[in-house]
Amino acid sequence: MAPDQTETQMQRGRQRMASGHWIRTIIAGGIVLFPAVPGQSALATPKKIDRKALVARHAVVQSRIDRHAPAMIGNGQLGFTADITGLQTFPQQYSELAPLLTMAQWSWHSFPNPKGHVERDGLRIVPVRGRGEQPYAWMRSWADGDANPAYTWLRANPHRISLGRIALTLNGMAPDFAQVTDTRQSLDLWRGQLTSSFRLNGQPVTVTTAVHPTADLIAVEIRSPLVASGGLGASVRYPGVDPAINPDPSGWRPRASETMRVVARDARSVQVERTLDATRYRSRVVSDGRVTPGDGAALRIAGGGNGDRLRFTVRFDANAPRGADPDVPKTIAAAAAHWQHFWTDGAAVDFTGSTDPRARELERRVVLSQYLSAINGAGSLPPQEEGLFSNSWYGKFHLEMHPWHAAWQAMWGRPALLERSMPWYVAHLPKARAEAARHKVRGAWWPKMVGPEGRNSPSLVSPFLMWQQPHPILLGEMLWRARRDPALLARYGEVVEATADLLASWPLDAGGRLDLGPPLIPAQENYDPLTTRNPTFEVEYFRWGLQTAQAWRERQGQPRKPEWDRALARIAPPAIEAGLYLPTESATGFWRTAASAACKGTASAPECKNRDHPSFLMAYGFIPGARIDAATMRRTFDAMEATWDRRQTWGWDFPMIAMTAARLGERDKAVDWLFAPLKNNQWGPTGMTPRVHLDEHANDLVPTVGGAGGVAMAQNPDGPGYRRAAETYFPSNGALLLAVGMMAGGWDGSRGHAPGFPERGWTVRAEGLTPAL
C-alpha cells in the first residue's frame, strides 16, 4: 500500500471497529485490529508476555566446544567473541572461520599505498546508451587485479581489524587445553553476561565476562584457587594486521610499522598507544591485581591480594580515553540494565501454546537473532555481513544488505538502534551526489561494497548493483512508521530527496518508457551487466521509493515533484512471459530453460539462471509492488518452488520467500520456507547461520589451522560438494526478524491476527510490532 493511503486505511479500520466488525487487541506499543468472530467479545485483551521468561528459556548453554559456534557479547559498537573459557584463550580449538576477535565500528586500517592509488585508477569506461562513456569500478575478472594493482589495493583498503586478544595464562604461559575439563558455559541473554566454568589442572575456575553498554570496554572476573596461589592470570595481546584480512585480520608477526608504547602506568593500570601504519588507537587495562608490560605488544595481569578473585577491565578507544573507567561490578550492572531495557522496551513475539513442533525452535531463532543483531547490526556504521564476528569482503559493509540487517529494528519497536547508522547517509551525501554527477544524473548514487570513507570497491558485481539505491527511503519510512515524528522528516529529508532524484533520473529514456539498465546487475546477481534490463523487483522498488518520497514531501507541506511523477508514470512495467513474471525483462525464455532437464533443481550449466536469490519475489513481499498482480505472482512463486536450485540460495532468501508467501496468503508455505532444510539455513547453538557454497572439489575432510600453526584436517561440516565460507551471515538474522514481524504483526491491508501464520498449530502473541509495508 502506498504511504499516502495509510491514513485512509486506518480511518476505514476505525469505522469498521465502531460497527462491531473488528476485535481490538491492546498490545504494548499499539493496537492490532482483526475481524471479529461471532460470539467473541468485541474487546479481547491477551495475557501480557512474560519477557524475562521468554528470553531466559533460550539462554545459550554449552558443555563442550563447538568449533563453529563461539559466544558473542557486545554493545553494537564493540563485539567480543569468546571461547569456552569466556575469553580468547584457545583460538586453535575453533574453526579458522571463527577467529575470536575484538572488533569495533571504528577499528579500520589501510596498508601503505606507495604507488598512490586513487579511485580513478580502479575505474573502467563503460558505454551507456544515451549518456556516452561512464566510469565504473568494474573488474571483468579477478585476473584484472594482477594486471592493475590499483584494483587490489582499492578493494582491500580500508579494512576492519581486531584490537586485542584477551586470554588466560597459567604461570605466565598459555595453558594447555588438555588440562581443561568439566566445561560449562552459559550466555545470560537477559543480562548480557557470559559465565564460563571449568577445571584447569583439576582446580575449579569461573570466568564472568561482560561488555559495557556505552564504552568499548570488556569486564572480566576470574575466581579460582589458582588465582590465590598466584598461578592463574591473564594477558592482553595487541595484534598487528595480516595481509590476508579475511576472515581473521590478526597478524602475529610484527612489522616495523607496528609498534606499542606505554603512555601511562601505575601498579594497577597500564595505558598503551598501538600504532599500525597510519592507524593509532589507545587501550587501557585496569585491575584489582597487578598490570605490567609483557613481551612484545602485550600486557600481563596477575592477582594482587584479593584471594581467589581477579578482576580487570580492558578498554579500547580511537583516541585517548577520558576519565576513570567503570570497574567490573559497575560494568556488569550496567550491562544487565542495558539488556533488560532492550528486552522490555521493544516488541516481542511468543509462541507458547503452539502445537506445531517447530514453534519453540522458531522462537529460539527469533530471540537469538535480536540479541546478535543488536551486537552486530546496530552500530554507527551500516553492518558488514559478518558483523563484528569476523571479516568477509575485507570487513566492508554492503549497503544492499542494510535493510536485511537492520530494518527489523524499527518494526520491532527499537528505532533508536536503526538511527545509529542512518547518519552515515547524511554525512556521505556530498560523495553520493558527486558519484551521481559522474554518471550524468541527478541526486545521490549510493555505493555497494564500501568502507567508512564511502568509496565503492572494485568488483565483478558491485558497481552495477542498483537495488540499494531506494534503501535510504525505505529505512527512513520505517522509522517514520515507528515514531511518526516530524523531526525525522527534517533529519533525513535531504537524503530522501536526493535519493529520489536519482531514482527518477537514472532510468534510461526508451521512447515511451524509462528502462532500468543496461548496465545493471539485479539483486539476483548472475546476469550480464551489459545486457540486463528491467528486473521485476527493481522496477517496482524504484517506483515504490519515488511514491514514498512524494509522501515525505506532502507530510512536510511541500508539493509533489512533477519530474518524480513523470518517472512514476513511465518506468517500465514488470515483464511477464507465459503468465509468469520474468526475473528481468531481458531474460526471455527463463522459465522454459529453468524447467528443462539440464537446469531444473540443479542449475549448474551456464544457461541455467534459476539459482542465487529469487529476488523477483521481493516485488510482492519485501515491498507491496503496486503493479504486481497477485495471481501472476502466485504462479511465479509456484514455478520458483518447482524449478529453483535451492542449494545455491543464501540465508536471507528463506525469510524473503516467506514474506512473499505470507502476502499471497500461503501461510503454511511461509513457515515451511523459514525452516527450509538447506545448508545456508542451519541455525547453530548461538543463533548464527553459516555461509556455504557449492564446491565440486570439497571432500569429507577440509584443511584447517593446526594447534602449532600448521595445517591439519577437520570434518567438513557441510559434507562433500560444499565449502563453508563463513561461520555466520547476519543478514539471515535480520531477515528472519523482518519476516516474523510481518507474519505476526501484519502489513498494510492485511486482515486478521498474525496473518502470516497458519491458523492451526500456531498460537502467536505479539506486542509492540509496527505493521510491515
#### Entry: Residues of region 483-494 satisfying the condition of being under 27 Å from the mean Cα position of the chain (by Cα), closer than 24 Å to Pro771 by Cβ and part of a helix (DSSP H, G or I)
Arg483, Ala487, Leu488, Leu489, Arg491, Tyr492, Gly493
## Note on the structure
Across (1) outside any helix (DSSP H, G or I); (2) modelled with pLDDT of 95 or more; (3) open to solvent by 20 Å² or more (accessible area, probe 1.4 Å); (4) not hydroxyl-bearing (Ser, Thr, Tyr), Phe316 clears everything bar (3)
### Task
Those residues that are in a loop (DSSP other than H, G, I, E, B) and open to solvent by less than 50 Å² (accessible area, probe 1.4 Å), I need them from region 615-637; list them, please.
Gly621, Phe622, Ile623, Gly625, Ile628
### Message
What's the number of the only condition in (1) open to solvent by 10 Å² or more (accessible area, probe 1.4 Å); (2) of a type outside the set (Val, Ile, Thr); (3) without any contact (Cβ under 8 Å) to a residue 60 or more places away in the chain; (4) in a helix (DSSP H, G or I) that Met640 fails to meet?
### Response
(1)
### Filter result for Gly625 (more than 17 Å from Pro470 (Cα to Cα) and either free of Cβ contacts under 8 Å to residues at least 24 places away in the same chain or small (Gly, Ala, Ser) (or both))
no
### Message
When you scan region 418-437, do you find a residue that is on the phi > 0 side of the Ramachandran plot, touching a residue at least 12 places away in the same chain (Cβ under 8 Å) and among the charged types (D, E, K, R), even just one?
### Response
no
### Task
Give the residues of region 544-585 that are closer than 22 Å to Gln469 by Cα, in a loop (DSSP other than H, G, I, E, B) and either open to solvent by less than 40 Å² (accessible area, probe 1.4 Å) or of a type in the set (A, V, I, L, M) (or both), sorted by residue number.
Lys561, Ala572, Pro574, Ala575, Leu582, Pro583, Glu585
### Task
Give just the number: which of (1) at positive phi; (2) assigned to a helix (DSSP H, G or I) does Ile473 not satisfy?
(1)
#### Entry: Filtered residues of region 245-277 (kept if in contact with a Pro (Cβ under 8 Å, 6 or more places away or on another chain), open to solvent by 10 Å² or more (accessible area, probe 1.4 Å) and among the aliphatic types (A, V, I, L, M))
Val262
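Does Gly296 count as over 25 Å from Thr195 (Cβ atoms) and modelled with pLDDT under 95?
Yes; evaluated as a whole, the condition is true for this residue.
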### Query
From the residues in region 519-543 that are open to solvent by 10 Å² or more (accessible area, probe 1.4 Å) and touching an Asp or Glu at 6+ places or on another chain (Cβ under 8 Å), which one is farthest from Trp445 (Cα to Cα)?
Asn526
### Query
touching an Asp or Glu at 6+ places or on another chain (Cβ under 6 Å), of a type in the set (A, V, I, L, M, F, W, C) and open to solvent by less than 30 Å² (accessible area, probe 1.4 Å): does that describe Ala150?
yes
### Task
Output the residues belonging to region 695-716 that are out of contact with any Lys or Arg (no Cβ under 6 Å at 6 or more places or on another chain) and at pLDDT 80 or above.
Glu696, His697, Asn699, Asp700, Leu701, Ala714, Gln715, Asn716
### Query
Taking region 689-707 on its own, how many of its residues are open to solvent by 10 Å² or more (accessible area, probe 1.4 Å) and either closer than 28 Å to Trp762 by Cβ or among the charged types (D, E, K, R) (or both)?
4
### Message
When you check Lys448 against the structure, is it closer than 25 Å to Pro522 by Cα and under 24 Å from the mean Cα position of the chain (by Cα), yes or no?
### Response
yes
### Query
Is there a residue being crowded, with 21+ Cβ neighbours inside 10 Å and touching a Gly at 6+ places or on another chain (Cβ under 7 Å) anywhere in region 115-132?
no
## Note on the structure
The number of residues in region 227-244 that are open to solvent by 60 Å² or more (accessible area, probe 1.4 Å) and assigned to a strand (DSSP E or B) is 1
### Query
Is it the case that some residue within region 662-669 is touching a residue at least 12 places away in the same chain (Cβ under 8 Å) and closer than 22 Å to Ser604 by Cβ?
no
### Message
Criterion first (modelled with pLDDT of 95 or more, in a loop (DSSP other than H, G, I, E, B) and touching a helix residue (DSSP H, G or I) at 6+ places or on another chain (Cβ under 6 Å)) does Trp446 satisfy it?
### Response
yes
### Query
Which residues, taken from region 154-213, are out of contact with any helix residue (DSSP H, G or I) (no Cβ under 9 Å at 6 or more places or on another chain), buried (at least 16 other Cβ atoms within 10 Å of the Cβ) and more than 29 Å from Arg57 (Cα to Cα)?
Ser162, Leu163, Gly164, Ile166, Leu168, Thr169, Pro175
#### Entry: Single match in Glu453, Glu538 (criterion: of a type in the set (D, E, K, R) and over 18 Å from Ala572 (Cα atoms))
Glu453
#### Entry: Count - residues of region 31-71 that are open to solvent by less than 80 Å² (accessible area, probe 1.4 Å), of a type in the set (S, T, N, Q) and at pLDDT below 95
1
### Task
Considering each residue of region 247-297, count those that are of a type in the set (S, T, N, Q), over 30 Å from Gly230 (Cβ atoms) and touching an Asp or Glu at 6+ places or on another chain (Cβ under 9 Å), and give that number.
3
### Message
For region 451-465, give me each residue that is within 28 Å of Lys561 (Cβ to Cβ) and either open to solvent by less than 10 Å² (accessible area, probe 1.4 Å) or among the hydroxyl-bearing types (Ser, Thr, Tyr) (or both).
### Response
Pro463, Phe464, Leu465
### Task
Can you confirm whether region 387-401 contains a residue that is under 24 Å from Ala69 (Cα atoms), open to solvent by 10 Å² or more (accessible area, probe 1.4 Å) and under 16 Å from the mean Cα position of the chain (by Cα)?
yes
### Residue match in region 437-444 (condition: farther than 20 Å from Pro731 by Cα and surrounded by 24 or more Cβ atoms within 10 Å (Cβ to Cβ))
yes
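The values are calculated or read from the model by the stated rules, or taken from the named source; none is laboratory data. None of these values were measured; they are calculated from a predicted model. With ideal geometry, Cβ positions are generated from the backbone for all residues, glycine too; neighbour counts draw on all protein chains shown. The accessibility values were calculated without ligands, DNA or RNA, using every heavy atom of the protein model including side chains. Shrake-Rupley method; radii C 1.70, N 1.55, O 1.52, S 1.80 Å.
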